[in-house]
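A.B. asks: Just passing along the structure, written as structure tokens.
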Amino acid sequence: MDARIGALGRLTARRAVEAVPLLLIVSGIAFGLLQLVPGGPIEVYLSNPGVRPEDLERLRRALGLDRPLWEQYVSWLAAFVRGDWGFSFSDGRPVLARIMERLPASLELLGASLVLALAAALPAGIIAAVKRRTSTDRAISALAAVGVSIPAFWLGLMLQLVFAVGLGWLPSAGRGADGDGLARLQYLVMPAAVLAFVHAAAWTRYLRASMIEVLRSPFVAAAGARGLDARTRLTRHALPNALAPVATVVLLDAALMVPGAVVTESVFAWPGVGSLFTEALGRRDYTVLMAMLMVSSVAVVAFNLLADLIHAWLDPRVAS
């Protein structure tokens, strides 16, 4: 046990050291690409005849846009590391405050989507692997292929047309008023279902492939030779080994689910960080965009590390 904990500690330290230059490279590339996007934070004032050129120049100096690109980046990086994420170019509010007010809605959507996706993917993947090459397996595989292929925005629009416009069972967009749990749940159903269906389809395919590979392994056959019944071989031997690579995929997808929900949040007018990203991109709000990109990058690195640790705990050979 001590040796395994020590190996996990060394793995954590190694991954943390490797993450620093990676995040620096990501931040530099993101900062440069944002500057290359046509327009800028002051573009909205360019078509206003009441704004004088000297006012625009004064605004550029106030926002620091008149400095060289490398100087802007170094200044931003130093402030970001200190925890000073700056102020939004669009409304002057602190960037951290804008993100934090949208984060609960995204976490709510993420949590519901994860629960639904796992509740669907785990039994579907196991059943498809156990009943391989049967009609059940083919039906599950076909449904998973549809889920992987369908665009999220199209599925969201179809659900709105059927359940909101046609049947009138669910509200078409928004999040609902605070304090009304039942109403909030009705608003959550369709966006959570869209995200869950897309991710559950991919996870089902991963779990099916992993289960089939493990069920063919010699140690599962040896367990059967010792007289263990099929259920015991499945639950105690095959499933724990098959879940290790799937857990890695699930954790990485979870890290990308919040920023990746931009389309879903836009379709359903869900007030999360995904819609905030869309708004900031439309207004060229560099400070908000950079903060969200870096938070997303750190989340991906952190979840990647967590996935490695879980995989190493399940399979000690990974940490060696």
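The values are calculated or read from the model by the stated rules, or taken from the named source; none is laboratory data. Bear in mind that the values here come from a model prediction, so they are computed numbers and not experimental data. FYI the Cβ positions are ideal-geometry reconstructions off the backbone, even for glycines, and counts take in every protein chain you see.
A.B. asks: Might you let me know whether segment 294-317 holds any residue that is within 15 Å of the chain's Cα centre (by Cα) and modelled with pLDDT of 85 or more?
C.D. replies: Yes - at least one qualifying residue is present in segment 294-317.
A.B. asks: To continue, here is another question. How many residues does segment 116-167 contain that are free of Cβ contacts under 8 Å to residues at least 60 places away in the same chain, farther than 23 Å from MET190 by Cα and in a loop (DSSP other than H, G, I, E, B)?
C.D. replies: Number of matching residues: 3.
A.B. asks: Mind checking which residues of segment 282-304 are in contact (Cβ under 8 Å) with a residue 60 or more places away in the chain, surrounded by fewer than 18 Cβ atoms within 10 Å (Cβ to Cβ) and either among the aliphatic types (A, V, I, L, M) or in contact with a Phe, Trp or Tyr (Cβ under 8 Å, 6 or more places away or on another chain) (or both)?
C.D. replies: VAL295, VAL298
A.B. asks: From the list VAL162, VAL194, which residue is surrounded by 13 or more Cβ atoms within 10 Å (Cβ to Cβ) and either at pLDDT below 70 or over 25 Å from the mean Cα position of the chain (by Cα) (or both)?
C.D. replies: Going through VAL162, VAL194 in turn, the sole match is VAL162.
A.B. asks: Here's another thing I want to ask about it. In segment 218-232, is there at least one residue being among the acidic types (Asp, Glu), modelled with pLDDT under 80 and within 18 Å of the chain's Cα centre (by Cα)?
C.D. replies: No, segment 218-232 contains no residue that is among the acidic types (Asp, Glu), modelled with pLDDT under 80 and within 18 Å of the chain's Cα centre (by Cα).
A.B. asks: Residues that are exposed (fewer than 15 other Cβ atoms within 10 Å of the Cβ), modelled with pLDDT of 70 or more and basic (Lys, Arg): does segment 199-217 have at least one?
C.D. replies: The answer is yes; a qualifying residue exists.
A.B. asks: Right, another one. From the set of residues in segment 234-249 that are at pLDDT 70 or above, surrounded by 15 or more Cβ atoms within 10 Å (Cβ to Cβ) and not aliphatic (A, V, I, L, M), which is farthest from VAL301 (Cα to Cα)?
C.D. replies: Here the answer is ASN241.
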